[in-house]
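Note sheet for the following structure.
The values are calculated or read from the model by the stated rules, or taken from the named source; none is laboratory data. Please read all numbers here as calculations on a predicted model, not as lab measurements. Ideal geometry is used to build each Cβ from the backbone, glycine not excepted, and the neighbour counts take in all protein chains shown. Heavy atoms of the whole protein, side chains included, go into the accessibility calculation; ligands, DNA and RNA do not. Shrake-Rupley method; radii C 1.70, N 1.55, O 1.52, S 1.80 Å.
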Amino acid sequence: MVFGEVGLSGEIRSVGAPVARIKEALSLGFETVILPQGNVAMLEKEDLRGTRLLGVQNIREALPIIF
């Protein structure tokens with residue numbers, strides 16, 4: 001699963017409710033989540049075992065992971 005906001009210069013911006021988004025993805029069977037690096041720090045206290053979280057800062061970091 002991938003979430004975040006892409007800026008005009010390719011930066012990946014943080015979004016609201018990352019925990020809810022990830023938990024919904026888990027319930028749908030996703031195991032890997034590509035998300036804004038800024039949201040990763042918000043998840044340190046959450047119990048998201050079994051989830052592979054990959055924080056990215058820009059689209060150049062995200063595309064090789066996706067493709």
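Points worth noting:
- Largest-first ordering by accessible area, 1.4 Å probe, given options Leu28, Leu63: Leu28, Leu63
- Taking Glu46, Glu24, Glu11 as the candidate residues, the one with maximal mean-square fluctuation in a Gaussian network model of the chain, Cα springs under 10 Å, is Glu46.
- For the stretch 34-50, Karplus couplings with θ = phi - 60° (6.51, -1.76, 1.60), whole Hz, Gly/Pro x: 9, 9, x, 4, x, 7, 4, 4, 5, 9, 4, 8, 8, 8, 10, 4, x
- Using a simple spin-label model with pseudo-atoms 7 Å out from Cα toward Cβ, Asn58 and Leu28 lie 2.9 nm apart.
- Accessible surface, per residue, of the chain when the full set of protein chains is kept, probe 1.4 Å, Å²: 68
- Gaussian network model of the chain, springs between alpha carbon atoms under 10 Å - residue of Gly38, Gly55, Gly16 with greatest fluctuation: Gly16
- Share of carbon and sulfur in the accessible heavy-atom surface of the chain [1.4 Å probe, %]: 53
- Distant-in-sequence amide contacts of Asn58, defined by a placed amide H-H separation under 5 Å and a gap of 5 or more residues or a different chain, comprise Ile12.
- In summary, the chain shows an alpha-carbon radius of gyration equal to 1.05 times the 2.2 N^0.38 Å reference for compact globular proteins.
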